[in-house]
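Colleague: Please read through the structure below; I'll follow up with questions.
The values are calculated or read from the model by the stated rules, or taken from the named source; none is laboratory data. In this text the structure is predicted, and so the values were computed from the model without any measurement. Cβ placement follows ideal geometry from the backbone for every residue including glycine, while neighbour counts extend to all protein chains displayed. When the accessible area is computed, the model is the full protein with side chains, heavy atoms only, and any ligands, DNA or RNA have been set aside. Shrake-Rupley method; radii C 1.70, N 1.55, O 1.52, S 1.80 Å.
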Amino acid sequence: MNILDSVLPQINQLTPYTPGKPVEEVERELGISHSVKLASNENPLGCSEKVTQLLSSSSELCSIYPDANAFYLKQKLAQQLGVTPDHITIGNGSNDVLDIIARTFLAQGKQAIFSKYAFLVYPLVTVACGATPIVTPALSRDSDQAYGHDLNAMLNGITEHTSIIFIANPNNPTGTWLNQKELYGFLQQVPSHIAVVLDEAYFEYVTEDEYPDCVQWLNEFPNLILTRTFSKIYGLAGLRLGYSISSPEIGNLLNRVRQPFNGNSIALAAAILALEDQSFVEKSAQNNLHSLDMMKQYCHKKGLFYMTSVGNFLTIEFPDQAMHVYNQLLQKGLIVRPVANYGLNDFLRISMGTEPQMNQLMRTLDELL
Ligand SMILES: *Cc1c(COP(=O)(O)O)cnc(C)c1O
């Protein structure tokens, strides 16, 4: 026997999360420079200037422990969301919050439901707890939310062992979304002892009228947990900060499982400034809509199928040549994201960049296709 024989069996079956290829790695490997990363749904405009200023003068924050209760950030968020601070739980990115939720509600013998093509962190956190993933079929390709979550299939997946249902709205990598009516009807049908986790990482990007603001439903559905992040529209992916919004009772449980200093000092200070700079958020959302529009038009022109997306990325089909296109783009310094690990072998997920970046991408695709 050695230490590797002591590992929990389900850990051996896990596939590690595959992140987007870092710029430095591509440039080091190919000996190129000025490459463009459109692979991790990062904000192409960077972050608020207020945050940039903070970072140039925040060295004293490095040597002291963060405020484990994130007092000022929770106050600010609570004010913006119209809830009290005890509804909010801080995470080291929202992935950390998802992990905390899983460790709070899951164990061997319990089940978590999520859709086929849902965000890959759900199976990771489920299996790591020893629980069983129940993967329900996605909507068909000819649906107007092709490959999106099928809420009826998810309801049908419920058993006496179900403890969590994970829903990404919009989902990554499909970009598909659920409207207010569908989601509300779904919540009414889920037994109230099952936690419904609504992952809203792209909430601030969505401009659809029918997209729900679920905070208003927290009182009616005490089993509802929303997760959001500073990684996407706020452009703070490197600082790692996310949070959940739930009933104070659930918040209290999550806070027992949570590592006390999972939100670092610089991230907490930066997040407050980022929340105050809503003009940066608007500018980022507008840039995103514009780039999405350009890219969708390009797909129409080229006859390329793409998934409906309200996020900051578009998942496009390149039949039988997705990896070829990926590698060719890489050679030209354009990093996009293969999604074969989601079972989407013919697709590439492309994060929306600035207009010049999108033009560069489309010119390069023109040469390839
Ligand atoms: C990017 C993303 C997250 C956020 O991850 P962080 O840990 O907050 O950086 C969460 N859920 C989905 C669906 C995402 O795409």
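Colleague: Report whether or not Leu226 is out of contact with any Phe, Trp or Tyr (no Cβ under 7 Å at 6 or more places or on another chain), open to solvent by less than 30 Å² (accessible area, probe 1.4 Å) and in a strand (DSSP E or B).
Modeller: Considered against the rule, which asks whether it is out of contact with any Phe, Trp or Tyr (no Cβ under 7 Å at 6 or more places or on another chain), open to solvent by less than 30 Å² (accessible area, probe 1.4 Å) and in a strand (DSSP E or B), Leu226 comes out as yes.
Colleague: Would it be correct to say that Gly311 is under 18 Å from the mean Cα position of the chain (by Cα), over 26 Å from Tyr147 (Cα atoms) and within 16 Å of the ligand (Cβ to nearest atom)?
Modeller: No, not satisfied.
Colleague: On to the next question. Is the range 116-135 home to any residue that is in contact with a helix residue (DSSP H, G or I) (Cβ under 6 Å, 6 or more places away or on another chain), closer than 28 Å to Pro66 by Cα and without any contact (Cβ under 8 Å) to a residue 60 or more places away in the chain?
Modeller: Within the range 116-135 (the criterion being in contact with a helix residue (DSSP H, G or I) (Cβ under 6 Å, 6 or more places away or on another chain), closer than 28 Å to Pro66 by Cα and without any contact (Cβ under 8 Å) to a residue 60 or more places away in the chain), the answer is yes, since at least one residue qualifies.
Colleague: With respect to the numbered conditions (1) within 16 Å of the ligand (Cβ to nearest atom); (2) out of contact with any strand residue (DSSP E or B) (no Cβ under 9 Å at 6 or more places or on another chain), which one is the sole condition not fulfilled by Thr52?
Modeller: If we test Thr52 against (1) within 16 Å of the ligand (Cβ to nearest atom); (2) out of contact with any strand residue (DSSP E or B) (no Cβ under 9 Å at 6 or more places or on another chain), just (1) comes out false.
Colleague: Still on this model: Cβ-Cβ under 6 Å, sequence separation 6+ or interchain: first residue in the range 236-250 and more than 9 Å from the ligand (Cβ to nearest atom) and small (Gly, Ala, Ser), partner open to solvent by 10 Å² or more (accessible area, probe 1.4 Å) and modelled with pLDDT of 95 or more. Which pairs?
Modeller: What qualifies is Ser247/Pro222.
Colleague: Can you list the helices (runs of 4 or more DSSP H) found entirely within the range 1-87 that contain at least 3 residues being crowded, with 17+ Cβ neighbours inside 10 Å?
Modeller: Where helices (runs of 4 or more DSSP H) fall fully within the range 1-87 and carry at least 3 residues being crowded, with 17+ Cβ neighbours inside 10 Å, they are 71-81.
Colleague: Here is a further query. Among the residues of the range 156-185, which ones are of a type in the set (A, V, I, L, M, F, W, C) and open to solvent by less than 30 Å² (accessible area, probe 1.4 Å)?
Modeller: To start, the set of residues in the range 156-185 that are of a type in the set (A, V, I, L, M, F, W, C) comprises 158, 164-168, 177-178, 183.
Of everything in the range 156-185, those that are of a type in the set (A, V, I, L, M, F, W, C) and open to solvent by less than 30 Å² (accessible area, probe 1.4 Å) turn out to be Ile164, Ile165, Phe166, Ile167, Ala168, Leu178, Leu183.
Colleague: Just the residues that are in contact (Cβ under 8 Å) with a residue 24 or more places away in the chain and surrounded by fewer than 15 Cβ atoms within 10 Å (Cβ to Cβ), please, taken from the range 186-210.
Modeller: Answer for the range 186-210, where residues must be in contact (Cβ under 8 Å) with a residue 24 or more places away in the chain and surrounded by fewer than 15 Cβ atoms within 10 Å (Cβ to Cβ): Gln189, Pro191, Ser192, His193, Thr207, Glu208, Glu210.
Listed here are the residues, each with its yes/no results for (1) modelled with pLDDT of 95 or more; (2) closer than 17 Å to Asp86 by Cα; (3) not hydrophobic (A, V, I, L, M, F, W, C).
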| residue | (1), (2), (3) |
| --- | --- |
| Pro212 | yes, no, yes |
| Thr227 | yes, yes, yes |
| Lys232 | yes, no, yes |
| Gly235 | yes, no, yes |
| Arg240 | yes, no, yes |
| Leu273 | yes, no, no |
| Gln286 | yes, no, yes |
| His290 | yes, no, yes |
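Colleague: Taking only pairs six or more apart or across chains, which ones have beta-carbon atoms under 9 Å, a first residue in the range 58-76 that is over 14 Å from Asn92 (Cα atoms), and a second residue that is open to solvent by 90 Å² or more (accessible area, probe 1.4 Å) and not in a helix (DSSP H, G or I)?
Modeller: Tyr65/Phe261
Colleague: Would you please name the residue that is farthest from Ala270 (Cα to Cα), looking only at residues in the range 105-137 that are of a type in the set (Ser, Thr, Tyr) and within 20 Å of the chain's Cα centre (by Cα)?
Modeller: Thr136
Colleague: Quick one: Thr227 ticks every box in (1) more than 14 Å from Asn41 (Cβ to Cβ); (2) within 8 Å of the ligand (Cβ to nearest atom); (3) free of Cβ contacts under 8 Å to residues at least 60 places away in the same chain bar one, so which box is it?
Modeller: Here Thr227 clears every test but (3).
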